[in-house]
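Here's the structure we're looking at; comments come further down.
The values are calculated or read from the model by the stated rules, or taken from the named source; none is laboratory data. Owing to the predicted nature of the structure, the values given are computational and were not obtained by experimental measurement. Please note: Cβ atoms are built from the backbone with ideal geometry, for glycine as well, and neighbour counts cover all protein chains shown.
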């Protein structure tokens with residue numbers, strides 16, 4: 001099949017038919033609820049910092065929404081991943097299975113634990129870890145030694161896996177859970193992008209031992225910067241709160257810290273914004289789904305590209321709307337990125353695959369042919385909730 | 001000298017004579033400037049997160065105020081210390097000289113670099129590192145090996161020192177600078193507590209290779225949570241910005257990261273609060289000095305206790321007002337803490353010395369007799385800027 005020269009222009013027209021002709025960002029937040037009121041309450045109370053009622057409320061509200069038994073709010077999604085890995089028992093010298101197709105924070109968090117990422121392939125239906133390929137890979141490169149899954153080539157313990165729910169689409173969590181059990185790996189779900197995404201009634205981030213969320217400015221809801229750790233395990237929740245708040249032992253005045261902790265608290269000011277945003281999450285999700293439907297119609301007649309749809313049995317938050325070019329049009333990816341951005345439509349490719357980054361070139365990895373193909377064909381297009389709203 | 005049974009009551013009365021009879025916090029912020037306006041500008045612009053005009057402005061305003069050539073705003077003071085240590089060349093296996101009398105973040109930041117804190121003594125005039133004792137200690141335990149200062153007992157390189165300006169009182173920075181030069185140590189100033197403190201015209205944190213600030217809720221100005229790295233070295237400033245923002249290589253759409261970086265950005269929302277607070281810093285400093293003067297008169301006639309005064313040649317921000325009991329009254333410290341807190345006056349002792357915390361018990365250390373004596377005699381009393389204000 002020959003890719004047509006007017007392909008980028010068709011994409012531009014299809015996007016404009018949905019979002020209009022003005023310049024439009026990839027993803028921007030909306031603050032039309034109680035953001036204002038809650039920030040003012042923070043200032044008036046003077047509780048803007050490390051303790052305050054909005055932190056507790058934000059945690060409780062997130063627990064209610066996701067169904068997680070425990071939620072610990074932290075300063076950002078990277079900090080949440082770092083602590084979740086520590087709590088899952090990842091120690092210096094371990095390996096941790098990650099998708100090569102992920103944001104760099106996932107791999108960096110493993111490095112903070114002095115462990116090594118071990119990259120695995122993704123599959124096109126979820127854009128997340130491919131369970132079939134991962135099982136086959138683990139069978140071929142690992143063996144059980146003294147109860148641990150050990151990489152035969154490196155001699156290191158493969159301690160955990162961190163599936164990520166890419167652009168909000170739930171990964172095949174049951175397939176991966178089976179692998180985690182069979183190979184004795186702890187599972188941490190990186191749900192940074194998937195607040196409001198579900199697999200058969202289970203919120204992303206609540207199926208594994210621990211899950212993590214992000215509330216960066218480009219996410220479905222934002223706290224400015226922020227994140228959270230989800231878990232159904234009470235002991236892990238207590239430890240998560242303790243080590244993210246400098247491991248201080250409660251005392252009416254004494255400063256005693258009983259282990260090396262972190263200053264990973266979410267400030268009350270940011271939690272206040274989060275509480276207001278969370279109230280509007282159902283509205284944002286409805287608008288993002290509406291946006292998907294509008295894009296779906298707009299791209300319906302265009303050959304060579306499809307709009308990523310939520311996997312079967314799953315409900316996606318449609319955080320970032322995603323075009324997938326077919327193989328024949330992969331060579332047009334950069335032309336499409338150029339044409340759209342020049343037309344004022346902010347678009348972007350997926351992250352450079354992790355094993356291609358200088359610092360992770362020598363990390364162990366599986367065959368990554370599907371991730372490499374996806375990398376050459378993915379384009380994210382404007383996705384703000386406001387684009388799916390009343391305007392349609 | 002016999003400590004009198006009514007000693008705690010005298011302290012309570014003296015504090016009340018200054019702050020009144022209502023319950024009063026140890027330190028709380030005041031938001032009576034443009035906090036409101038700037039937060040609203042953030043929400044209206046939708047730039048609450050990782051980029052935004054308030055981050056740039058806050059950095060520029062801090063540079064102007066402190067005289068530092070470069071300022072990089074980060075998510076908190078602990079993150080600032082972690083990055084400053086990395087930039088100063090601290091690597092796994094090194095030792096770093098710290099005061100045993102400091103907040104735990106200083107030691108933890110060293111641990112994040114996989115280095116070991118090496119604790120040194122403090123002196124009563126500044127409450128910071130004692131240069132005379134430190135020089136003597138380094139002479140006795142280190143030797144020069146291949147251009148590096150090496151601890152003869154552990155064989156590890158002593159790479160850096162991190163003096164801290166305790167409660168805002170400038171440490172003897174010139175004395176320490178001489179030691180840093182003589183022993184080849186990088187100097188990072190922990191100025192978390194000392195925004196607005198100067199030594200002969202030089203702002204704390206601007207004399208060493210790098211300095212760090214904190215804007216936690218209990219500090220002289222607050223951003224909710226926040227910190228900053230100060231340096232006069234352009235190359236270090238560029239690297240500080242790079243590795244605190246995930247080490248992303250600038251590109252119009254591509255996601256390429258060229259080293260293991262951190263998500264240590266200060267959100268624009270928090271920077272907005274910082275800009276408004278910084279405008280009021282001269283007022284806060286004047287009020288805190290006025291509060292010192294009021295306390296000074298109140299404690300003038302009380303035997304067994306003195307109010308900590310700024311060291312000669314220095315200007316302190318008087319972040320936390322500090323009582324120092326004399327040796328004969330040291331046994332009364334907890335009685336004073338109890339009496340004051342029971343009277344609704346929030347007071348606290350100094351931090352438990354670092355070498356007494358479980359995780360740092362085996363860290364190398366100098367003789368710490370002065371720090372131990374200070375630890376048994378220090379009490380911080382209510383210190384909010386608002387207490388020194390119009391009310392007097």
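Summary of values
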quantity: Conditions (1) at pLDDT 95 or above; (2) buried (at least 20 other Cβ atoms within 10 Å of the Cβ); (3) assigned to a loop (DSSP other than H, G, I, E, B): number failed by residue A:58; calculated: (3)
quantity: Answer from A:367, A:339 - the residue that is out of contact with any strand residue (DSSP E or B) (no Cβ under 8 Å at 6 or more places or on another chain) and over 21 Å from residue A:131 (Cβ atoms); calculated: A:339
quantity: Unmet requirement for residue B:303, which otherwise passes all of (1) closer than 27 Å to residue B:348 by Cβ; (2) part of a loop (DSSP other than H, G, I, E, B); (3) within 14 Å of chain A (Cβ to nearest Cβ); calculated: (3)
quantity: Restricting the stretch B:337-362 to residues that are more than 11 Å from every other protein chain (Cβ to nearest Cβ) and under 21 Å from residue B:9 (Cα atoms), the residue that is surrounded by the fewest Cβ atoms within 10 Å (Cβ to Cβ); calculated: B:344
quantity: Members of the stretch A:160-186 found to be farther than 17 Å from residue A:366 by Cβ and surrounded by fewer than 24 Cβ atoms within 10 Å (Cβ to Cβ), listed by number; calculated: A:167, A:174, A:177, A:178, A:181, A:184, A:186
quantity: Matching residues, the stretch B:327-382, being over 25 Å from residue B:7 (Cα atoms), under 23 Å from the mean Cα position of the chain (by Cα) and assigned to a loop (DSSP other than H, G, I, E, B); calculated: B:353, B:357, B:361, B:363, B:364, B:366, B:367, B:368
quantity: Of all residues in the stretch A:191-201 being touching a residue at least 60 places away in the same chain (Cβ under 8 Å) and part of a loop (DSSP other than H, G, I, E, B), the one that is surrounded by the fewest Cβ atoms within 10 Å (Cβ to Cβ); calculated: A:200
quantity: Members of the stretch B:205-251 found to be outside any loop (DSSP other than H, G, I, E, B) and without any contact (Cβ under 8 Å) to a residue 12 or more places away in the chain, listed by number; calculated: B:235, B:238
quantity: Selection from the stretch B:9-31 of residues that are out of contact with any helix residue (DSSP H, G or I) (no Cβ under 6 Å at 6 or more places or on another chain) and closer than 30 Å to residue A:30 by Cβ; calculated: B:29
quantity: Verdict on residue B:270 being facing chain A (nearest Cβ under 8 Å), more than 30 Å from residue A:333 (Cβ to Cβ) and modelled with pLDDT of 95 or more; calculated: yes
quantity: Residue within the stretch B:275-289 that is farther than 19 Å from residue B:167 by Cα, within 14 Å of another protein chain (Cβ to nearest Cβ), outside any helix (DSSP H, G or I) and out of contact with any strand residue (DSSP E or B) (no Cβ under 8 Å at 6 or more places or on another chain) present; calculated: yes
quantity: All positions within the stretch B:222-259 that are crowded, with 17+ Cβ neighbours inside 10 Å and within 11 Å of chain A (Cβ to nearest Cβ); calculated: B:222, B:223, B:224, B:225, B:226, B:227, B:243, B:246, B:247, B:255, B:257
quantity: Hits in the stretch B:180-222 (condition: under 17 Å from residue A:263 (Cα atoms) and over 12 Å from the mean Cα position of the chain (by Cα)); calculated: B:217, B:222
quantity: Matching option when the condition is surrounded by 24 or more Cβ atoms within 10 Å (Cβ to Cβ) and within 14 Å of another protein chain (Cβ to nearest Cβ), among B:212, B:204; calculated: B:212
quantity: Residues that are within 7 Å of chain A (Cβ to nearest Cβ), part of a loop (DSSP other than H, G, I, E, B) and at pLDDT 90 or above, drawn from the stretch B:30-51; calculated: B:31
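Here is a yes/no grid of residues against (1) out of contact with any helix residue (DSSP H, G or I) (no Cβ under 7 Å at 6 or more places or on another chain); (2) in the same structural domain as residue A:247 (by TED's automatic domain parsing); (3) buried (at least 18 other Cβ atoms within 10 Å of the Cβ); (4) free of Cβ contacts under 8 Å to residues at least 40 places away in the same chain:
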{"position": "A:44", "(1), (2), (3), (4)": "yes, yes, no, yes"}
{"position": "A:89", "(1), (2), (3), (4)": "yes, yes, no, no"}
{"position": "A:119", "(1), (2), (3), (4)": "no, yes, yes, no"}
{"position": "A:122", "(1), (2), (3), (4)": "no, yes, yes, no"}
